[in-house]
1. In region 12-105, what percent of the accessible surface is made up of carbon and sulfur (1.4 Å probe, ligands and nucleic acids excluded)?
2. Take the Cα gyration tensor of region 23-221, multiply each eigenvalue by 5, square-root it, and list the three semi-axes largest first, rounded to whole angstrom.
3. Between Val390 and Ala455, take the C-beta separation as r, use R0 = 25 Å, and let me know the FRET efficiency to the nearest 0.05.
4. Give me the Kirkwood hydrodynamic radius of region 288-327 in Å, from all C-alpha pairs, to one decimal place?
5. Can you bin region 128-196 into rounded, prolate or oblate? Criterion: square roots of the alpha carbon gyration tensor eigenvalues sorted a ≥ b ≥ c, rounded for a/c under 1.5, prolate for a/b above b/c, oblate for the rest.
6. Kindly identify region 57-113 as rounded, prolate or oblate by the Cα gyration tensor criterion: order the square roots of the eigenvalues as a ≥ b ≥ c, call it rounded if a/c is under 1.5, otherwise compare a/b with b/c, prolate if a/b is larger, else oblate.
7. Once Rh is set to the Kirkwood radius over Cα pairs, what Stokes-Einstein translational diffusion coefficient, in µm²/s, holds for region 274-488 at a temperature of 10 °C and a viscosity of 1.306 mPa s?
8. Over all directions, average the projected area of the Cα convex hull of region 249-378 and note it in nm².
Amino acid sequence: MKLKGENQESSESSEGAKGQMTAALALVALISAFGSSFQYGYNVSVINSPAPYMQDFYNQTYLDRTGVPMDSGFQTLLWSLTVSMFPLGGFFGSLMVWPLVNSCGRKGTLLINNLFSITAAILMGTSEIAKTFEVIILSRVIMGIYAGLASNVVPMFLGEMSPKTLRGAIGIVPQLFITLGILVAQILGLKSILGNAEGWPVLLGLTGIPSLIQLLTLPFFPESPRYLLIQKGNEEQARQALQRLRGWDDVGDEIEEMFQEDQSEKEEGQFSVLSLCTFRGLRWQLISVIVMMMGQQLSGVNAVFYYADRIFEAAGVASSSIQYVTVSIGAINVIMTLLAVFIVESLGRRLLLLAGFVLCCASCALLTLALNLQPTVSWMSYLSIGCVIVYIIGHALGPSPIPAVMITEMFLQSSRPAAFMVGGSVHWLSNFTVGLVFLYMEAGLGPYSFLIFCAICLATVVYIFFIVPETKNKTFVEINRIMAKRNKVEIQENKEELKDFCTVPGGQAERKGLSNSKL
């Protein structure tokens, strides 16, 4: 038990220093989030404003080629492909996460990923000059692949290099930059800026600039220390990376914690998606990731944005001013996500998830009522606006930023890439499904479609309340032990060794047992 006391004393004496934000950690978070996550958000909304001008380009190009105007049905099909290829590409990008991060590392994957974005930016920016709309659709697939990789690798990369006291806050930074990307696309997409017949190719081509900046700057920053130590077996490089990120030399406690994590899972090797799905010891972690990711996308966030324009117009907002109101909603989204960065370490992940989904649930229920009574009760239009704003606030506080943080925290190094691959695939498939199904729901159910989103939010709240634990200020190994009880994995009396894991030989097992006795 001497080792336990020494580790606790060392941890207490260095806790303040380890929890500080250093310049190196801040810069790597900003560069990776701006170079990758920002573009995910940017490309989500970049084609919304110039849509009429892009469709005119499609029609004019077809007319120049064939001499006859494009059939309206064919034009609708082409535009549907332009929109839907992005989330479909995101799904394919998610499938690439596991092999790339294990073979190229987290930083290496981000650098390789920039090539997708730069290629797509060049193609989209020159599409009008080349008089081809096919490359826009192809580029949307490429940007989707880019976003699918970025949306999974950036949270993994930042989560693995952050101290446990800042892991939640830094883990939300990617989502903050996603909302910033959406806002910047909305601003640049104003008709008075680039959202017009002349400016839309530039608007689409600008997406390559953040990638170029990341490609030139990220190589000067360290790789994930956990990847270097646990997967590459290079303790010296991991120690140097940690020293640079923490701004001080004494990183022995974190190195020791990584060794504990390595020993606790060494016999299992790297998890594939198949082995992750069949492994009893990670069953509830995997179910939780699927539920949170489905809840995030199926909670109606895209539907609320879709209805927003109509809601504001019904409240008396002039059609020419709708785009400025949309920008205001985007700004609220950014501000509330920024707030989540500052409160996640004090309030915890679980509370933000519960509060966020409860707000979304209540907003959807009230919005259903308000939209139905809007034709007969004049002030209901203002209640509808309030519901939209409250919904955006709720989603930005919990459902949007927290699930990716939880994937990082609920899995150890060997299973984390496969978990992100599953979570990312669920995220993008759910996104694609909502885009495909919502128009039919809206046509058939009208405002009552929000009751479906309300039920999904409520079911997600119930699941999180009973199953998902709080993970703030806990090491990855500590979180894994908490979930072991939920998975009903037996713990041996003296060594607290998971039944599903093989015994670590000799002195390593003893060291592991002593470390585990902290609980």
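The values are calculated or read from the model by the stated rules, or taken from the named source; none is laboratory data. Since this is a predicted model, take the numbers as computed values, not measurements. Note that each Cβ is placed from the backbone with ideal geometry, even for glycine, and that neighbours are counted across all protein chains shown. Accessible surface areas use protein heavy atoms only, side chains included; no ligands, DNA or RNA. Shrake-Rupley method; radii C 1.70, N 1.55, O 1.52, S 1.80 Å.
1. With neighbouring chains kept in place, the figure for region 12-105 is 64 percent.
2. Each semi-axis is the square root of five times an eigenvalue, giving 33, 16, 13 Å.
3. Working: r = 18 Å, r/R0 = 0.72.
Approximately 0.90, to the nearest 0.05.
4. On the way: mean 1/r = 0.0861 Å⁻¹.
Final number for the Kirkwood radius of region 288-327 is 11.6 Å.
5. Verdict is oblate for region 128-196.
6. prolate
7. 87 µm²/s
8. Across all orientations, region 249-378 yields a mean hull projection of 13.3 nm².
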